[in-house]
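Notes follow once the structure below has been shown.
The values are calculated or read from the model by the stated rules, or taken from the named source; none is laboratory data. Treat the numbers as computed from the prediction; the structure is a model and nothing was measured. Neighbour counts are summed over all protein chains in view; Cβ atoms, including those assigned to glycine, are modelled from backbone coordinates with ideal geometry.
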Amino acid sequence: MANYKEIVTKAVIGKAKKTNHMNFSFVPDEAVDTVLGCWVINHNFSGKNQMGKVGVDGSFDVNVWYSYDNDTKTKVNTKRFGYHEVMNVPLRDQATLNNDSEIIVRSLRQPTVTNVETQDGKILLDIEKELGVEIVGDTKIKVPIEDMYDDYEEIVDDNEIEDINEVKEDYLE
């Protein structure tokens, strides 16, 4: 019959990912003729416990390169956008999300502009990103314990070595 020990340790108690499509718009200083390029940089985010769910607050900068004045001049306009998402991360083994839980948020796919167009003097942006969330909390595991046995080697003291009383004189012959 095996004995068991319970070990309390930190482990991933919940894990999920979510793809999000967002729409943003802004009005540039000039009347845009053509959008020449668009990219997203400086993506920052953090997660926190929000009444048993994970709230993710984040922001990123969008750079839009466009031409204006009958396509004779160009400009890059930078705009910062923020977002807030709530993710319901399923927890394993009746675990609960509490203030002692560690929330790790990773960007599995960086925000990317999937579509950009101009309409009525505005620049309309479609942005897609994917976030992954891991929740680390206390959990217990049971491990079987085998019968204890002594696996130490016995050290023999020099004093315990028997004296050699008999010397064989013809040993080397």
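Picking from residues in region 25-41 that are within 16 Å of Arg109 (Cβ to Cβ) and among the β-branched types (Val, Ile, Thr), the one that is surrounded by the most Cβ atoms within 10 Å (Cβ to Cβ) is Val40.
Residues are listed down the side, and each one gets a yes or a no for (1) touching a residue at least 12 places away in the same chain (Cβ under 8 Å); (2) β-branched (Val, Ile, Thr); (3) touching an Asp or Glu at 6+ places or on another chain (Cβ under 9 Å); (4) surrounded by 15 or more Cβ atoms within 10 Å (Cβ to Cβ):
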| site | (1), (2), (3), (4) |
| --- | --- |
| Tyr4 | yes, no, no, no |
| Thr9 | yes, yes, yes, no |
| Asn23 | yes, no, yes, no |
| His43 | yes, no, yes, no |
| Gly47 | yes, no, yes, yes |
| Gly58 | yes, no, yes, yes |
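One residue stands out in region 77-91 among those that are assigned to a strand (DSSP E or B) and farther than 17 Å from Asn115 by Cα: the one that is modelled with the lowest pLDDT, namely Leu91. Could you go through region 40-62 and let me know if any residue there is part of a loop (DSSP other than H, G, I, E, B), of a type in the set (A, V, I, L, M) and farther than 17 Å from Lys18 by Cβ. Yes: region 40-62 contains one or more residues that are part of a loop (DSSP other than H, G, I, E, B), of a type in the set (A, V, I, L, M) and farther than 17 Å from Lys18 by Cβ.
Restricting Val116, Val136, Val105 to those that are surrounded by 14 or more Cβ atoms within 10 Å (Cβ to Cβ), of a type outside the set (D, E, K, R) and in contact with a Gly (Cβ under 8 Å, 6 or more places away or on another chain) reduces the list to Val105. Condition test on Ser101, is it without any contact (Cβ under 8 Å) to a residue 40 or more places away in the chain, touching a strand residue (DSSP E or B) at 6+ places or on another chain (Cβ under 6 Å) and of a type outside the set (A, V, I, L, M, F, W, C)? No, not satisfied.
Within region 114-143, being small (Gly, Ala, Ser) and in a strand (DSSP E or B) holds for Gly132, Gly137. Tell me, yes or no, whether region 95-115 has at least one residue that is closer than 16 Å to Glu130 by Cβ, at pLDDT 95 or above and of a type in the set (Lys, Arg). Checking region 95-115: at least one residue is closer than 16 Å to Glu130 by Cβ, at pLDDT 95 or above and of a type in the set (Lys, Arg). Looking at region 129-136, is at least one residue farther than 30 Å from Ser59 by Cα and either of a type outside the set (D, E, K, R) or at pLDDT below 85 (or both)? No: zero hits. Of all residues in region 63-84, those being more than 19 Å from Asn23 (Cα to Cα), of a type in the set (D, E, K, R) and surrounded by 13 or more Cβ atoms within 10 Å (Cβ to Cβ) number 1.
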